[in-house]
1. Output the number of residues of the stretch 93-102 satisfying the condition of being open to solvent by less than 30 Å² (accessible area, probe 1.4 Å) and of a type outside the set (Gly, Ala, Ser).
2. Yes or no: the stretch 74-91 includes at least one residue that is within 22 Å of residue 118 (Cβ to Cβ), open to solvent by less than 100 Å² (accessible area, probe 1.4 Å), assigned to a loop (DSSP other than H, G, I, E, B) and of a type in the set (Gly, Ala, Ser).
3. Which residues, taken from the stretch 25-47, are in a loop (DSSP other than H, G, I, E, B), of a type outside the set (A, V, I, L, M, F, W, C) and touching a helix residue (DSSP H, G or I) at 6+ places or on another chain (Cβ under 8 Å)?
4. Tell me, please, whether a residue that is open to solvent by less than 30 Å² (accessible area, probe 1.4 Å) and at pLDDT 95 or above can be found in the stretch 66-73.
5. Mind listing just one residue for me: the one in the stretch 25-65 that is open to solvent by 30 Å² or more (accessible area, probe 1.4 Å) and in contact (Cβ under 8 Å) with a residue 40 or more places away in the chain and, of those, nearest to residue 145 (Cα to Cα)?
6. Which pairs have Cβ atoms under 7 Å, sit 6 or more apart or on different chains, and link a residue in the stretch 70-89 that is farther than 18 Å from residue 123 by Cα to one that is part of a strand (DSSP E or B) and open to solvent by less than 100 Å² (accessible area, probe 1.4 Å)?
7. Considering only the stretch 103-135, state which residues are open to solvent by 60 Å² or more (accessible area, probe 1.4 Å), assigned to a helix (DSSP H, G or I) and free of Cβ contacts under 8 Å to residues at least 40 places away in the same chain.
8. Within the stretch 136-167, can you find the residues that are modelled with pLDDT of 80 or more, open to solvent by 80 Å² or more (accessible area, probe 1.4 Å) and either in a loop (DSSP other than H, G, I, E, B) or under 20 Å from residue 22 (Cα atoms) (or both)?
Amino acid sequence: MNKKEFIEILFKGAKEGYEKYNIFPSLTISQGILESNWGRKHIANNLFGIKAGSNWNGKVAVRKTKEWDGNRYVIKEEKFRAYDSFEDSVKDYMELIGKAKRYEKVRKSKDYKEACRFIYECGYATDPKYPQKLIKIIEDNKLYEYDDKVKSLSNWANEAWNWAVKNKIIDGTNP
């Protein structure tokens, strides 16, 4: 799979994540790229490196990982969530970032740079250079264009909705 195909797989779920939770597609796509090296080094279809905490009831894969402990990188053995497909990984990522209270700042971000900073500050990753790495991936690959694409789609839908309400075609209560 080439880079464009990989981005498109991520964008399909990222578009839904923006519509449902206001998560910038550029953030989702850049994290998938960074955490899985363009889908080449994923852990059991886990594109985002999501660990399997005590509340995870699905499949797991145990792997060694490099974590920043505040002073230096250390190697740890951790449990990661395992998925049947990349699509399942994207869907679970959206649920995690979209619903967990700790990621509320990410959902309220004004732009991709703020989202990248907040995803780190909320504890998603230990690498202190995580936000800068995500921003570089976004800018090098023009992933901000996917943010613009979903914003224009959602603006169009809002405009159509408001027009229909104004012209009494619908009552505005049921989408």
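The values are calculated or read from the model by the stated rules, or taken from the named source; none is laboratory data. As the structure is a prediction and not an experimental result, all values here were calculated from the model. Please note: Cβ atoms are built from the backbone with ideal geometry, for glycine as well, and neighbour counts cover all protein chains shown. Heavy atoms of the whole protein, side chains included, go into the accessibility calculation; ligands, DNA and RNA do not. Shrake-Rupley method; radii C 1.70, N 1.55, O 1.52, S 1.80 Å.
1. The qualifying residues number 3.
2. Checking the stretch 74-91: not a single residue is within 22 Å of residue 118 (Cβ to Cβ), open to solvent by less than 100 Å² (accessible area, probe 1.4 Å), assigned to a loop (DSSP other than H, G, I, E, B) and of a type in the set (Gly, Ala, Ser).
3. 39, 42, 45
4. For the stretch 66-73, residues open to solvent by less than 30 Å² (accessible area, probe 1.4 Å) and at pLDDT 95 or above: absent.
5. First, pick out the residues of the stretch 25-65 that are open to solvent by 30 Å² or more (accessible area, probe 1.4 Å): 34-35, 37-38, 40-45, 51, 53-60, 62-64.
Now restrict to residues that are in contact (Cβ under 8 Å) with a residue 40 or more places away in the chain: 34, 42, 45.
Values: 34: 18, 42: 25, 45: 26 Å.
Residue satisfying both the conditions and the ranking: 34.
6. 77/62; 82/46; 82/60; 82/61; 83/46; 89/46
7. 104, 105, 113, 117, 120, 121, 132
8. Scanning the stretch 136-167 gives 142, 145, 148, 149.
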